[in-house]
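Since the structure comes first, as C-alpha cells, the remarks are kept for the end.
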Amino acid sequence: MTFAAAALALCGVSARVLGWRPPEFWAATPAELAAALGLLTADTASGFDRAALHKLMEDDHGR
C-alpha cells in the first residue's frame, strides 16, 4: 500500500469514527491520530521512526 492510499484510508476512518474533517486530519500527528483511535499501547507508543518515513517516501515517489 502506498503512503497516499494509506493516508486516504485513514482520512476516511477519522472522518467516520472521530468526525474529523480533512484539515483536522492533516493537522494531527500520527501519534495524535493513533491516540484518538485508541491504538496506542505500551508496545506501539515509541512512534514512527525516520527509517519508516523514508521507506514510505521511497515507495510513494512520483505519485
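A few notes on this one:
- Within region 50-63, residues that are surrounded by 10 or more Cβ atoms within 10 Å (Cβ to Cβ) have Cβ atoms under 6 Å from residues that are assigned to a helix (DSSP H, G or I) and modelled with pLDDT of 80 or more in these pairs: L56/F3; D60/F3; D60/A4, counting only partners at least 6 apart in sequence or on another chain.
- Cross-chain or 6+ apart pairs with Cβ under 8 Å, region 10-28 first and small (G, A, S), then assigned to a helix (DSSP H, G or I): S14/E24; S14/F25; S14/L33; S14/A36; A15/P22; A15/F25; A28/S14; A28/A36
- Region 13-41, residues that are out of contact with any Cys (no Cβ under 7 Å at 6 or more places or on another chain), closer than 21 Å to L53 by Cβ and not in a loop (DSSP other than H, G, I, E, B): V13, S14, W26, A27, P30, A31, E32, L33, A34, A35, A36
- L10 of a type in the set (A, V, I, L, M), modelled with pLDDT under 80, open to solvent by 70 Å² or more (accessible area, probe 1.4 Å) and in a helix (DSSP H, G or I): no
The values are calculated or read from the model by the stated rules, or taken from the named source; none is laboratory data. Keep in mind the model is a prediction, meaning the values are calculated, not measured. In this analysis, Cβ positions are derived from the backbone assuming ideal geometry, glycine residues included, and neighbour counts consider all displayed protein chains. Accessible surface areas use protein heavy atoms only, side chains included; no ligands, DNA or RNA. Shrake-Rupley method; radii C 1.70, N 1.55, O 1.52, S 1.80 Å.
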